[in-house]
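These notes concern the structure reproduced below.
The values are calculated or read from the model by the stated rules, or taken from the named source; none is laboratory data. Please read all numbers here as calculations on a predicted model, not as lab measurements. So basically every Cβ, Gly included, is an ideal-geometry build from the backbone, and we count neighbours across all protein chains shown. Ligands, DNA and RNA are stripped out before the accessible areas are found, and what is left, the full protein with its side chains, is counted by its heavy atoms. Shrake-Rupley method; radii C 1.70, N 1.55, O 1.52, S 1.80 Å.
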2 protein chains.
Amino acid sequence: MAPQEEKPAAAPVATNEQTLPERPKEEDAAKGPSKSALKKAAKEKEKAEKAAKRKAEEEKQKQQQEANDISKDDYGDLPMLGSEVVKPSGLKRVHLHNLTEQEADQTIVFRATVHNARVQSAKLAFLVLGQRLQTIQAVVAASETLSRQMVKWAGGINAESTVLVHGLVKKPLEPVKSTTISNLEIHIRKIYTIAKAEPQLPMQVEDAERPLPAEGAEAQQQEDDGRPIVKLDTRLNNRTIDLRGMHNQAIFTIKDGVCALFSEYLRDHGFVGVQTPKLIGGASESGASVFEVKYFNQKAFLAQSPQLHKQMLIASRFEKVFEICPVFRAENSNTARHLTEFTGLDLETTFEEDYHEVVELLENLLLHIFKGLKAKYARETALVRSIYHVDEFKLPEAGQVPRLSFAEGVKMLREAGVDVNENDDLSTPDEKFLGKLVLEKYGTDFYVLDQFPLGVRPFYTMPSPQDPTKSNSYDFFMRGQEILSGAQRVHDAEFLKKRMLALDPPVNPEGPGIKEYVDSFRYGCPPHAGAGMGLERIVMLWLGLPNIRLAQLFPRDPNRLAP
Amino acid sequence: MAPQEEKPAAAPVATNEQTLPERPKEEDAAKGPSKSALKKAAKEKEKAEKAAKRKAEEEKQKQQQEANDISKDDYGDLPMLGSEVVKPSGLKRVHLHNLTEQEADQTIVFRATVHNARVQSAKLAFLVLGQRLQTIQAVVAASETLSRQMVKWAGGINAESTVLVHGLVKKPLEPVKSTTISNLEIHIRKIYTIAKAEPQLPMQVEDAERPLPAEGAEAQQQEDDGRPIVKLDTRLNNRTIDLRGMHNQAIFTIKDGVCALFSEYLRDHGFVGVQTPKLIGGASESGASVFEVKYFNQKAFLAQSPQLHKQMLIASRFEKVFEICPVFRAENSNTARHLTEFTGLDLETTFEEDYHEVVELLENLLLHIFKGLKAKYARETALVRSIYHVDEFKLPEAGQVPRLSFAEGVKMLREAGVDVNENDDLSTPDEKFLGKLVLEKYGTDFYVLDQFPLGVRPFYTMPSPQDPTKSNSYDFFMRGQEILSGAQRVHDAEFLKKRMLALDPPVNPEGPGIKEYVDSFRYGCPPHAGAGMGLERIVMLWLGLPNIRLAQLFPRDPNRLAP
């Protein structure tokens, strides 16, 4: 702003227009000016002339400096890309994660985000430049070929600006500790802003790169070390800044890793990825907890899960199907574990003789995911764990996932002094406690509970032939929290109707969206089982994040629909 | 039904209860029975006794036959799997697609769907058994070790039932023409129903395996060859039967192939798969065509596309993102090209110097998909084409995708005598005609139009620096129909606001869901471009399907929310 204001002020004076102060005379001719007024005017004139002279000299000096600035073409703001016709240079752009010591003493060109920039002295500025999970130190040092003006300009670039850098790769005298790349640094030769960040951001990225304040600590204004406490709400309100945090880049890289490993394993095992409708004519699995949509002249609902349609696909000769898709729950729960929109990892498959074939497939699928994460995302995982300190996720040593019956789980809890009912579902605290007991006994954070009470499972669950109070259903747990729920399904239309009507309140087998589902089992549907997992839950529990919102890019809860 | 009715009728008579006819005497003592009545009663008694005797003999004979049925344990209905405790046999189950002549003369066990079953003679029955894309002929022949009863039973199994078969693999004397596997057949040793289909289905799978009736022909009741015409609505109403058609299995296998090839290519090129919210606080890109959702005490909307959020991720240092997700359009269009819910293949990426870097990436991505489909899904494609006869999809021979400017496209149309305006979008018929002209000139069904008129593109499109009436935007075409739309985006907040306000009507840059989007470009966002594709469009045009609904498992349009 400053240069713009200066120029118009200085310009008319710099023309040496001597008649200017005379003007008031003509306008106030009746009275004539007082002596003191004349004196004041003379003083002001003198002052203005001096100021004008000074400005003119400064301007001249500046122009000279610019003319003399040996680096004047090597820095500055580029016009908005797309606003001018520019012939591409074709210069190869480098990715920092590919940079090795082989590039030492070579000049490279790359685009980066300025994490911070500071002027150390008139001849030296430092910048930290970043690309997603990498940062590197850059030095701008005045020399015969690099001007002090450039040093000053580069050291003053607003943090978060996008810049284009030409620089010499050098091995630093000592390893750089403050950046992820410690064995190399950049000696900047040219630097331009591609997109300038505003000088004041609503929050700082480095504040987002610290753990969420512990519950209760939110009221505090700052951390013990004096830095401001940034509450979850502030982070989520400014999510596009928050997400720039390196741990967030890592979290969502890992999240995609889970999807990739899930799809890869299932396609390799003969599954077909499908897309079932999210807009449905009837409330999907029960009347509760569905969002209502205005659908032209009628009502529609958002699918709570692909449950009914994925089973209809099994009835349609699709032997094995999976889907990764948003699922919607209209539960008015504001906890650290609930979202109104999350990502379902769903699958459904026929089996031959026993639903444990599917349990085994699911165990192997999750082991494939966990092992894949350990092998391919070690760097990302370590990055997140440097902020959210949590124990390494323990996998069963022998490769055999403990598969306990629900009754055995209840027995373990009772032996540890917890009073639980064998026909009720476990409470979250009881689940977590059982997770601890299993970890102690079997040394794993991952295990399976099988044969849940029939009364706590949905109508499409096959009852257990061993015990009519139980069912052929299972949950999978990570660190004592449920991440997967599944079962053998009822594949006979008449028996399914019986099960629906036996519920309290009963489900109407003729209801909208339900009739077609029931009918699809009249045409010879093979026995099948499946599961639904919560992607965000898996990510949260793998990394030990304190809130499920941290595992969703733009989380939705009863109070949050933005950004 | 018949056996149940017979037994109660025969039972009281078969007890030889002699006093029965006497009873009327007591009741009608005043009159007494007439002679003719007595005669009639005696006759009936005699008749009933004869019938009872016959039944008893038949029953005895049947029991003897069953006792003598050497095959009695080798066929029949199995109890519902899950209803009884059964120790798994552990017998290896075979997949027909793995069957080779090496298995000839071996006995295999497999589960299959009965496509049809018929009794040829008292000693011979034929079945066609299927597994997804494979069918095989099976023979049940009476012998010293296989009873006529079993032949009769097997030949009478309802079509669409799921069966378990133990059978000897044999090379047939002549190739079997009616099944996909022609060089092998199954000599059944044991056959059981796992899940019986009802005898009458609302439609036949084989009727679904013929092309949709041509428009106008829907009023006809049957095809020229006498088979019933099954209209699209009937097919979709009974979609779980319709989808059993082998071409439908093929269509959705190919559809998943597109997703797999899309994800694979992008992950290999450094993209991260993401999940953006479908529930948004403001109408996503414009006020029109969004579905409204009751969201607790407020309104939400279903995202028309991930456009705004994927750009916000670019502003959040995610360099390259993609998403496969449902998108929702509340357009009241009942055409063969529109759905209210379809699958978006979306991506967004930074670029270095020129948005054509992204156009090139998109061209290569689609070539990867097309070549992958040709290489990996030849069988599925041929299967669909055997029903919907369409020319092979032509790819550019030299590998260079024709990239025409919109102005060039207009020129080609004008030279061919079509009057089009250079600043309007092309109509669908004009697009199709241009597709034909391009095919003639360049020999490819796949090409790109670049530099669209600015006025027909959304506010986030970067204007063209060459020509202010044009924009840095592009559409991709298959067989003359648009499958992809994309552009360089405006990455500067102030310029974006200017563009929003220049629209008629203007978009409010402070509106719900929009303010956060605009603000995210204040923090230094690199230049970026992207694209959105319609998955169902790609599948429809690759295969030449006559209606987009055929490329969606459970399609949604303004009149269809079920099944």
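So for the range B:251-269 (the condition being on the phi > 0 side of the Ramachandran plot, in a loop (DSSP other than H, G, I, E, B) and in contact with a strand residue (DSSP E or B) (Cβ under 9 Å, 6 or more places away or on another chain)), does at least one residue qualify?
Step one: of the range B:251-269, the residues on the phi > 0 side of the Ramachandran plot are none.
Looking through the range B:251-269, none of the residues is on the phi > 0 side of the Ramachandran plot, in a loop (DSSP other than H, G, I, E, B) and in contact with a strand residue (DSSP E or B) (Cβ under 9 Å, 6 or more places away or on another chain).
For residue A:321, which of the numbered conditions (1) part of a helix (DSSP H, G or I); (2) touching a strand residue (DSSP E or B) at 6+ places or on another chain (Cβ under 7 Å); (3) β-branched (Val, Ile, Thr) fails to hold?
Residue A:321 satisfies all of (1) part of a helix (DSSP H, G or I); (2) touching a strand residue (DSSP E or B) at 6+ places or on another chain (Cβ under 7 Å); (3) β-branched (Val, Ile, Thr) except (1).
So is residue B:135 at pLDDT 95 or above and within 33 Å of the chain's Cα centre (by Cα) or not?
Values: at pLDDT 95 or above: yes; within 33 Å of the chain's Cα centre (by Cα): yes.
Yes, satisfied.
Looking at B:283, B:336 in this structure, which one is modelled with pLDDT under 95, in contact with a strand residue (DSSP E or B) (Cβ under 7 Å, 6 or more places away or on another chain) and among the aliphatic types (A, V, I, L, M)?
Values: B:336 fails: in contact with a strand residue (DSSP E or B) (Cβ under 7 Å, 6 or more places away or on another chain).
Being modelled with pLDDT under 95, in contact with a strand residue (DSSP E or B) (Cβ under 7 Å, 6 or more places away or on another chain) and among the aliphatic types (A, V, I, L, M) holds for just one of B:283, B:336, which is B:283.
Just wondering, is there one or more residues in the range B:484-491 that are of a type in the set (Ser, Thr, Tyr) and either over 18 Å from residue B:346 (Cβ atoms) or touching a helix residue (DSSP H, G or I) at 6+ places or on another chain (Cβ under 6 Å) (or both)? Reasoning before the result, please.
Of the residues in the range B:484-491, the ones of a type in the set (Ser, Thr, Tyr) are B:485.
Imposing the further condition that a residue be either over 18 Å from residue B:346 (Cβ atoms) or touching a helix residue (DSSP H, G or I) at 6+ places or on another chain (Cβ under 6 Å) (or both) reduces the set to none.
No: zero hits.
Which numbered condition in (1) within 21 Å of residue A:253 (Cβ to Cβ); (2) open to solvent by less than 40 Å² (accessible area, probe 1.4 Å) is the only one that residue A:412 fails?
Among (1) within 21 Å of residue A:253 (Cβ to Cβ); (2) open to solvent by less than 40 Å² (accessible area, probe 1.4 Å), the lone unmet condition for residue A:412 is (1).
For the range A:245-284, which residues satisfy the criterion of being under 21 Å from residue A:517 (Cβ atoms), facing chain B (nearest Cβ under 8 Å) and hydrophobic (A, V, I, L, M, F, W, C)?
A:272, A:274, A:279, A:280
Residue check: is residue A:235 modelled with pLDDT of 95 or more, facing chain B (nearest Cβ under 7 Å) and either surrounded by 16 or more Cβ atoms within 10 Å (Cβ to Cβ) or touching a Lys or Arg at 6+ places or on another chain (Cβ under 9 Å) (or both)?
Values: modelled with pLDDT of 95 or more: yes; facing chain B (nearest Cβ under 7 Å): no; either surrounded by 16 or more Cβ atoms within 10 Å (Cβ to Cβ) or touching a Lys or Arg at 6+ places or on another chain (Cβ under 9 Å) (or both): yes.
Answer is no for this residue.
Looking at residue A:92, is it loosely packed, with under 11 Cβ neighbours inside 10 Å, within 14 Å of chain B (Cβ to nearest Cβ), closer than 24 Å to residue A:171 by Cα and of a type in the set (Lys, Arg)? Step through it out loud before you land on a result.
On the way: loosely packed, with under 11 Cβ neighbours inside 10 Å: yes; within 14 Å of chain B (Cβ to nearest Cβ): yes; closer than 24 Å to residue A:171 by Cα: yes; of a type in the set (Lys, Arg): yes.
Spelling it out, residue A:92 is indeed loosely packed, with under 11 Cβ neighbours inside 10 Å, within 14 Å of chain B (Cβ to nearest Cβ), closer than 24 Å to residue A:171 by Cα and of a type in the set (Lys, Arg).
So which residues in the range B:290-306 are open to solvent by 10 Å² or more (accessible area, probe 1.4 Å) and in contact with a strand residue (DSSP E or B) (Cβ under 9 Å, 6 or more places away or on another chain), if there are any at all?
Of everything in the range B:290-306, those that are open to solvent by 10 Å² or more (accessible area, probe 1.4 Å) and in contact with a strand residue (DSSP E or B) (Cβ under 9 Å, 6 or more places away or on another chain) turn out to be B:290, B:292, B:294, B:299, B:301, B:304, B:305.
What's the number of the condition residue B:391 fails, among (1) within 14 Å of chain A (Cβ to nearest Cβ); (2) charged (D, E, K, R); (3) surrounded by fewer than 17 Cβ atoms within 10 Å (Cβ to Cβ)?
(1)
Please verify whether residue B:110 is surrounded by 15 or more Cβ atoms within 10 Å (Cβ to Cβ) and more than 14 Å from chain A (Cβ to nearest Cβ), treating the condition exactly as stated. Even if it seems obvious, please write down each step before you answer.
On the way: surrounded by 15 or more Cβ atoms within 10 Å (Cβ to Cβ): yes; more than 14 Å from chain A (Cβ to nearest Cβ): no.
Criteria not met by residue B:110.
Consider residue B:357 against the criteria (1) more than 29 Å from residue B:247 (Cα to Cα); (2) open to solvent by 40 Å² or more (accessible area, probe 1.4 Å); (3) part of a loop (DSSP other than H, G, I, E, B): it satisfies all of them except one. Which criterion is unmet?
(3)
Residue by residue, here is whether (1) hydrophobic (A, V, I, L, M, F, W, C); (2) in contact with a Ser or Thr (Cβ under 6 Å, 6 or more places away or on another chain); (3) over 30 Å from residue A:134 (Cβ atoms) holds:
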residue: B:275; (1), (2), (3): no, yes, no
residue: B:280; (1), (2), (3): yes, no, yes
residue: B:290; (1), (2), (3): yes, no, yes
residue: B:318; (1), (2), (3): yes, no, no
residue: B:333; (1), (2), (3): no, no, yes
residue: B:343; (1), (2), (3): no, no, yes
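Considering only the range B:307-317, state which residues are out of contact with any strand residue (DSSP E or B) (no Cβ under 7 Å at 6 or more places or on another chain) and either outside any helix (DSSP H, G or I) or more than 17 Å from residue B:462 (Cα to Cα) (or both).
The answer is B:309, B:316.
Would you mention how many residues in the range A:70-89 are away from chain B (no Cβ under 14 Å) and either part of a strand (DSSP E or B) or surrounded by 16 or more Cβ atoms within 10 Å (Cβ to Cβ) (or both)? Walk me through how you get there before you give the answer.
Step one: of the range A:70-89, the residues away from chain B (no Cβ under 14 Å) are A:70-76.
Right, trim to either part of a strand (DSSP E or B) or surrounded by 16 or more Cβ atoms within 10 Å (Cβ to Cβ) (or both) and you get A:71, A:74-76.
Result for the range A:70-89: 4.
Would you check which residues across the range A:326-343 are within 13 Å of chain B (Cβ to nearest Cβ), open to solvent by less than 50 Å² (accessible area, probe 1.4 Å) and out of contact with any Asp or Glu (no Cβ under 7 Å at 6 or more places or on another chain) and list them?
A:327, A:330, A:333, A:341
Against the definition (acidic (Asp, Glu) and more than 29 Å from the chain's Cα centre (by Cα)), how does residue A:319 come out, yes or no?
Values: acidic (Asp, Glu): yes; more than 29 Å from the chain's Cα centre (by Cα): yes.
When the stated conditions are applied, residue A:319 passes them.
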